[in-house]
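Remarks on the structure that follows.
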Amino acid sequence: MLAEPKKRSMLRRAMPGMALLSALLLNGTSWAGEFNSRAGLGLLVMEQADNMSGRGYRVIAGNERPRAFSRLIPIGLLDTRYTWDNSAISFGTAVDDPAGLTLSYRRKLESGAISAGLFYSIFGSEWRNPYLFGTPRVDTTVHTYGARAAWEEIGGQPFTVAIKGTAKRVANEDLTGVLRRDGVLLDTDISYRRRLNEEWSLVPSVSYLRGQYDGSANNFHGGTFGIGAIWSKDNLVITTRLAGTLAEYDREHPVFDQRRQDLGYRFSTLVNWGSPFGWKQWFTSAGIIHSRVDSNIDFFASRATYGYALMGYQF
């Protein structure tokens, strides 16, 4: 009986994004177009160390750095795209979140393009109370969903501005007051794509992050600065990116009696190869992603390494 108001609240939060997407879809002048779909299967290997994740060690001693654990996960890719005029709408999964669903729209303009989308992550997990020390912790489901909008190549210039809002809801949370984790993360990003020649492009970017949660001890201001390199030739595209992050929290954390500060980085290389070995309609994708966050509170330090490979068919 108590879950119904929460469901209605989640729907109300999603309605503005759905309304924006609907307005963009209605802007199409013609619905005469075509469908394209693709499906793929692969494997994801991960090593992660994170004291908040509900898939780590159930018992920890106290304010200690997390211990790593590994997993091997089968992944699938399935998406459908419908294109008409200068517009396209797509629905399905994504390589960077095989446990999530996305619905997105993109329209080319005379100069640049606009895009909007909704996303929902299916299988998130954290501890109901991650701060139990010397006692087995119990995991719970985390619902993550939100919306993203972008204006690409503004006025024909190589600038893109994107805004992404991510809501987080922790089911059966044991934390109360200033420690509650339900809330929203806002990410505002500006990037510039510089084409060096027919094969190489550089993409520097900067973003502002604001986390606003029911528990004020989790609120923070932050930023990232990154540089990406894209190499493409024929049906092969290799994308490499390095980004640094900084986060300053609003108040002292009541469990550790310190004001939290995080400093981290993320590195990734992704490879997409269409029609490998001359196999028409087939595609392959592989990548490695590594991230690390150091904190003045050891408990919140984290690191993760992901590697994946998949193969699929376009129809």
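Look at (1) free of Cβ contacts under 8 Å to residues at least 60 places away in the same chain; (2) surrounded by fewer than 19 Cβ atoms within 10 Å (Cβ to Cβ); (3) within 18 Å of the chain's Cα centre (by Cα) and you find that SER125 fails only one, number (1). Check the stretch 299-315 and report whether any residue there is surrounded by fewer than 17 Cβ atoms within 10 Å (Cβ to Cβ), small (Gly, Ala, Ser), out of contact with any Lys or Arg (no Cβ under 6 Å at 6 or more places or on another chain) and in contact (Cβ under 8 Å) with a residue 60 or more places away in the chain. Yes. Considering (1) exposed (fewer than 15 other Cβ atoms within 10 Å of the Cβ); (2) of a type in the set (S, T, N, Q); (3) over 29 Å from ALA68 (Cα atoms); (4) within 20 Å of the chain's Cα centre (by Cα), the lone condition that SER205 does not fulfil carries the number (1). Considering only residues of the stretch 171-191 that are in contact (Cβ under 8 Å) with a residue 40 or more places away in the chain and touching a helix residue (DSSP H, G or I) at 6+ places or on another chain (Cβ under 8 Å), which is surrounded by the most Cβ atoms within 10 Å (Cβ to Cβ)? So, considering only residues that are in contact (Cβ under 8 Å) with a residue 40 or more places away in the chain and touching a helix residue (DSSP H, G or I) at 6+ places or on another chain (Cβ under 8 Å), the one surrounded by the most Cβ atoms within 10 Å (Cβ to Cβ) is LEU179. Considering the stretch 131-158, and only residues there that are in contact with a strand residue (DSSP E or B) (Cβ under 9 Å, 6 or more places away or on another chain) and over 24 Å from LEU103 (Cα atoms), the residue that is surrounded by the fewest Cβ atoms within 10 Å (Cβ to Cβ) turns out to be GLN157.
Of all the residues that make up the stretch 35-58, how many are of a type in the set (D, E, K, R), farther than 18 Å from SER291 by Cβ and not in a strand (DSSP E or B)?
Quick first cut of the stretch 35-58, residues of a type in the set (D, E, K, R) only: 38, 47, 50, 55, 58.
Okay, now just the ones that are also farther than 18 Å from SER291 by Cβ, so 38, 58.
With not in a strand (DSSP E or B) added as a condition, the list becomes 58.
Of the residues in that region, 1 qualify.
Only one residue in ALA301, ALA243 is more than 20 Å from SER53 (Cα to Cα) and of a type in the set (A, V, I, L, M), so which one is that? Result: ALA243 is the single residue among ALA301, ALA243 that is more than 20 Å from SER53 (Cα to Cα) and of a type in the set (A, V, I, L, M). Contact map, the stretch 63-84: first residue in a loop (DSSP other than H, G, I, E, B) and modelled with pLDDT under 90, second residue loosely packed, with under 14 Cβ neighbours inside 10 Å and of a type in the set (Val, Ile, Thr), Cβ cut-off under 6 Å, separation 6 or more or different chains; the map is empty. Only residues that are surrounded by 15 or more Cβ atoms within 10 Å (Cβ to Cβ) and either within 17 Å of the chain's Cα centre (by Cα) or of a type in the set (A, V, I, L, M) (or both): list them for the stretch 192-202, please. Of everything in the stretch 192-202, nothing turns out to be surrounded by 15 or more Cβ atoms within 10 Å (Cβ to Cβ) and either within 17 Å of the chain's Cα centre (by Cα) or of a type in the set (A, V, I, L, M) (or both). Residue check: SER115 meets all listed conditions (1) of a type in the set (Ser, Thr, Tyr); (2) assigned to a loop (DSSP other than H, G, I, E, B); (3) in contact with a helix residue (DSSP H, G or I) (Cβ under 9 Å, 6 or more places away or on another chain) but one, namely (2).
Return only the number of the condition from (1) farther than 30 Å from VAL59 by Cβ; (2) modelled with pLDDT under 95 that ILE122 does not satisfy. In the conditions (1) farther than 30 Å from VAL59 by Cβ; (2) modelled with pLDDT under 95, ILE122 misses (1) alone. Here SER104 meets the list (1) crowded, with 19+ Cβ neighbours inside 10 Å; (2) within 27 Å of PHE299 (Cβ to Cβ) almost entirely, failing just condition (2).
The values are calculated or read from the model by the stated rules, or taken from the named source; none is laboratory data. Because the structure is a prediction, the values reported are computed rather than measured. Positions of Cβ are generated from backbone atoms using ideal geometry, with glycine treated the same way; all protein chains shown enter the neighbour counts.
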